[in-house]
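Here the structure is laid out as structure tokens; the discussion comes afterwards.
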Amino acid sequence: MAGFEEAVLERVRLAQARLRAAQEADDAIEEAQAVEELEDALRMARDHGVDTGDEGSP
């Protein structure tokens, strides 16, 4: 299960990085897509009991 948990956490981290980059670039379309990806990654983590800790905050 540790491999799955790490993959989910990495997905959250990547989505957060994508969101920050979109916000810095002032790219509204990319930001909307990044928000969707982050929400999906966080939902997956929650559904499978993966604690995102600080990574759960955008």
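Within region 20-52, take every residue that is open to solvent by 50 Å² or more (accessible area, probe 1.4 Å) and polar (S, T, N, Q) and give me the one that is nearest to Val8 (Cα to Cα). Checked region 20-52; the qualifying residue nearest to Val8 (Cα to Cα) is Gln33.
Let's see how each residue does on (1) modelled with pLDDT of 95 or more; (2) not in a helix (DSSP H, G or I):
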position: Leu14; (1), (2): yes, no
position: Arg18; (1), (2): yes, no
position: Ala22; (1), (2): yes, no
position: Glu30; (1), (2): yes, no
position: Glu36; (1), (2): yes, no
position: Asp51; (1), (2): no, yes
position: Glu55; (1), (2): no, no
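The values are calculated or read from the model by the stated rules, or taken from the named source; none is laboratory data. Worth saying up front: this structure is predicted, and the values here are computed from it rather than measured. When the accessible area is computed, the model is the full protein with side chains, heavy atoms only, and any ligands, DNA or RNA have been set aside. Shrake-Rupley method; radii C 1.70, N 1.55, O 1.52, S 1.80 Å.
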